[in-house]
Amino acid sequence: MTPDMKALALLARRYLRRGIRRPDAVGEELRRVDPLIALAETAAPAAAPTHHPAVRHLGAALEGFRDLDALAESGPLLPWRHGYQPHPSRPGLEDRLAWVEIIGPEAPLRYPGLGLGFVLIAPRSDYPAHAHPAVELYHIISGRALWTAGETVEPRRAGDFILHPSGIAHAMATAEEPLLTIYTWTGDVTSPSRFVVG
């Protein structure tokens, strides 16, 4: 079975549209992103599955969701990756955190000014402070996390939208269940994320 990336992009778009009428910066970003999703074009077949260790938590993250069959079926076949160098303060994080890009400048669905995909974090995991030039929006599908963005620390849960302006340091610490989110990047979507902890 080859993953249907268009179906995954449409699934993510449907979830993101839940916040599109918000009268705040999150709604503004969603209204900017929504039409771009439709402009992404298939440029290459999906990369080979990576069999990333974090994907073993995908089933638990999707438990009870009947409208996410496309992700449940194709999730293990996707090119999930970690992308960071191992971090000395978080040994093993590379096995507990993964994301898959569906739309992006080098993704299976190409668009130069947008990154869109899914992030999966194992239970009881700390994703340390990191930052990037891209403006980032998260929509939590399932799970909970203690979320830090700049000086603000607050619990976040399924259904929440979180917007990170360009360059803001942010971190997540998951609870007893895995965290599954949709993410989007706009602006500088080619410069990588970097850890900002010592």
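Scanning segment 94-111 for residues that are open to solvent by 10 Å² or more (accessible area, probe 1.4 Å) and either over 19 Å from Pro128 (Cα atoms) or out of contact with any strand residue (DSSP E or B) (no Cβ under 7 Å at 6 or more places or on another chain) (or both) yields Glu94, Asp95, Glu101, Pro105, Glu106, Pro108, Arg110, Tyr111. Just one of the listed residues (Gly104, Gly115) is more than 17 Å from Arg14 (Cβ to Cβ), out of contact with any Leu (no Cβ under 9 Å at 6 or more places or on another chain) and among the small types (Gly, Ala, Ser), and it is Gly115. Name the single residue, out of those in segment 112-130 being closer than 16 Å to Asp188 by Cβ and modelled with pLDDT under 95, that is least open to solvent (accessible area, probe 1.4 Å). Result: His130. A count restricted to segment 2-51 and to residues that are surrounded by fewer than 19 Cβ atoms within 10 Å (Cβ to Cβ), outside any helix (DSSP H, G or I) and touching a residue at least 12 places away in the same chain (Cβ under 8 Å) stands at 14.
The strands (runs of 3 or more DSSP E) found entirely in segment 73-159 that carry 1 or more residues being without any contact (Cβ under 8 Å) to a residue 60 or more places away in the chain and touching a helix residue (DSSP H, G or I) at 6+ places or on another chain (Cβ under 6 Å) are 97-104. Of the numbered criteria (1) open to solvent by 20 Å² or more (accessible area, probe 1.4 Å); (2) within 17 Å of Glu136 (Cβ to Cβ); (3) in a strand (DSSP E or B); (4) of a type in the set (A, V, I, L, M, F, W, C), the one Ala173 fails is (2). The residue that is farthest from Arg17 (Cα to Cα), counting only those in segment 52-69 that are part of a loop (DSSP other than H, G, I, E, B) and at pLDDT 90 or above, is His52.
The values are calculated or read from the model by the stated rules, or taken from the named source; none is laboratory data. Since this is a predicted model, take the numbers as computed values, not measurements. In this analysis, Cβ positions are derived from the backbone assuming ideal geometry, glycine residues included, and neighbour counts consider all displayed protein chains. The area values use the complete protein model at the heavy-atom level, side chains included, leaving out ligands, DNA and RNA. Shrake-Rupley method; radii C 1.70, N 1.55, O 1.52, S 1.80 Å.
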